[in-house]
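Here it is, the structure, as structure tokens.
FYI, it's all coordinate maths here, none of it is from the lab. If you're wondering where the values come from, they're calculated on a predicted model, not measured in any experiment. Positions of Cβ are generated from backbone atoms using ideal geometry, with glycine treated the same way; all protein chains shown enter the neighbour counts.
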């Protein structure tokens, strides 16, 4: 049997959602989820529309309406509005400042006994200079490729 999730917004939550929708300066998905919650509201001020009617009026799939209702009922307003970060997401090792320092190393004089920098030498150097904790040669390659810097 399917569990039906009811959306009952408090006056404060309803006001927050109305401001979010009227302002229009948020991400499209966030505004769409706010519209879903406003239309699904079963409190005395809410229209309490059925999922199929909400989906039809917003030109979306009814499963989306069910998912947003579910998130609101189980986790609250904030979770229902904002997207969850991917579990496999890893933050970038090199930000703008660290990239600039890597490029500066590449443009500097190569170590003694070498004619130029190699990816392995660069990965060791950025760790030695405490720019990053660890960096593989493929990470160094990706960063340098992005900056269009050629070691050759």
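How about segment 73-101: which of its residues are surrounded by fewer than 12 Cβ atoms within 10 Å (Cβ to Cβ) and within 16 Å of the chain's Cα centre (by Cα)?
Matches in segment 73-101: 78, 83, 84, 85, 86, 87, 88, 89, 90, 91, 92.
Give the residue, chosen from 138, 116, 123, that is exposed (fewer than 13 other Cβ atoms within 10 Å of the Cβ) and assigned to a helix (DSSP H, G or I). Steps first, please.
Details: 116 fails: assigned to a helix (DSSP H, G or I); 123 fails: exposed (fewer than 13 other Cβ atoms within 10 Å of the Cβ).
Among 138, 116, 123, only 138 is exposed (fewer than 13 other Cβ atoms within 10 Å of the Cβ) and assigned to a helix (DSSP H, G or I).
Of the conditions (1) free of Cβ contacts under 8 Å to residues at least 12 places away in the same chain; (2) outside any helix (DSSP H, G or I), residue 55 clears all except one; give me its number.
Failing condition for residue 55: (2).
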